[in-house]
1. Please work out if residue 174 is modelled with pLDDT of 95 or more and either crowded, with 17+ Cβ neighbours inside 10 Å or closer than 17 Å to residue 65 by Cβ (or both).
2. Could you list, in sequence order, all residues of the stretch 94-112 that are farther than 23 Å from residue 170 by Cα and in contact with a Ser or Thr (Cβ under 7 Å, 6 or more places away or on another chain)?
3. Please work out if residue 120 is among the small types (Gly, Ala, Ser) and in contact with a Phe, Trp or Tyr (Cβ under 8 Å, 6 or more places away or on another chain).
4. In the stretch 147-171, what residues are in contact (Cβ under 8 Å) with a residue 40 or more places away in the chain, buried (at least 24 other Cβ atoms within 10 Å of the Cβ) and not in a helix (DSSP H, G or I)?
5. Answer yes or no: is there a residue in the stretch 48-62 that is under 22 Å from residue 122 (Cβ atoms), in contact (Cβ under 8 Å) with a residue 60 or more places away in the chain and among the polar types (S, T, N, Q).
6. Hey, can you tell me all the residues within the stretch 19-37 that are over 13 Å from residue 145 (Cα atoms) and either among the basic types (Lys, Arg) or loosely packed, with under 15 Cβ neighbours inside 10 Å (or both)?
7. Can you tell which of 48, 90, 81 is touching a helix residue (DSSP H, G or I) at 6+ places or on another chain (Cβ under 7 Å), of a type in the set (Gly, Ala, Ser), at pLDDT 95 or above and closer than 25 Å to residue 4 by Cβ?
8. Kindly evaluate residue 32 against the criterion of being over 17 Å from residue 121 (Cβ atoms) and modelled with pLDDT of 95 or more.
Amino acid sequence: MPELAFLFTLGAAASLIGDHSHVATGTTEYLTDAVPFIWSSPIWFPVAVGAATVSLAELRLRLRVPRESVTARQGLAGVAAVIGIYVITALEHTAPAVPVTVLIYALAVITWCVLGDGPGAVCGVLAAIVGPIVEAVIAAAGLARYADDSNGLFGVAPWLPALYFAFGVVVGVLAEIAAKDREPSVRSSVSGTPAPS
């Protein structure tokens with residue numbers, strides 16, 4: 001399905017921008033060069049984010065019928081919001097932890113309030129739990145690390161769940177937009193009725 005390939009590519013590309021910002025500012029550092037890198041990221045990083053994007057999008061479409069009112073403009077705003085939040089975390093990693101963490105959580109909540117819905121919040125919460133756990137495991141395995149001023153949550157940044165929450169919410173919005181192209185099959189899979197042939 002072309003929309004899944006698009007979502008995978010979009011997630012992977014956005015992750016490269018954010019991750020480059022983290023590496024360039026010293027927020028994060030990769031400790032191994034055992035695999036090829038794309039820009040500043042090991043190849044597995046954009047692949048993992050792309051796969052997470054597709055997985056969360058599919059989950060969103062199974063939670064409730066997509067809103068018909070969601071527009072491509074809102075999708076673009078969501079992508080810009082997540083990339084912006086990601087870059088802010090890179091620029092502010094040396095600032096005191098509490099103000100930066102509060103700012104990132106506030107921006108994530110605003111993103112959900114403006115763009116999201118209940119199923120989008122479910123995607124956001126799932127991403128906010130799984131993403132930081134995966135990153136904490138990667139840090140514990142010695143493959144990467146967060147800077148000393150950004151590792152107060154089991155070796156990862158305290159603002160990381162909020163960044164992942166915003167990501168999950170926006171993926172939900174993008175899934176709703178993509179579903180407009182395959183609307184009959186999405187509606188039937190949600191309602192349990194057969195799709196028209």
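The values are calculated or read from the model by the stated rules, or taken from the named source; none is laboratory data. If you're wondering where the values come from, they're calculated on a predicted model, not measured in any experiment. Cβ coordinates were reconstructed from backbone atoms using ideal geometry, including for glycine residues, and neighbour counts include every protein chain displayed.
1. yes
2. Scanning the stretch 94-112 gives no hits.
3. Working: among the small types (Gly, Ala, Ser): yes; in contact with a Phe, Trp or Tyr (Cβ under 8 Å, 6 or more places away or on another chain): yes.
Considered against the rule, which asks whether it is among the small types (Gly, Ala, Ser) and in contact with a Phe, Trp or Tyr (Cβ under 8 Å, 6 or more places away or on another chain), residue 120 comes out as yes.
4. Passing the criteria: 157, 159.
5. yes
6. Selection gives 24, 33, 34, 35, 36, 37.
7. 81
8. Criteria not met by residue 32.
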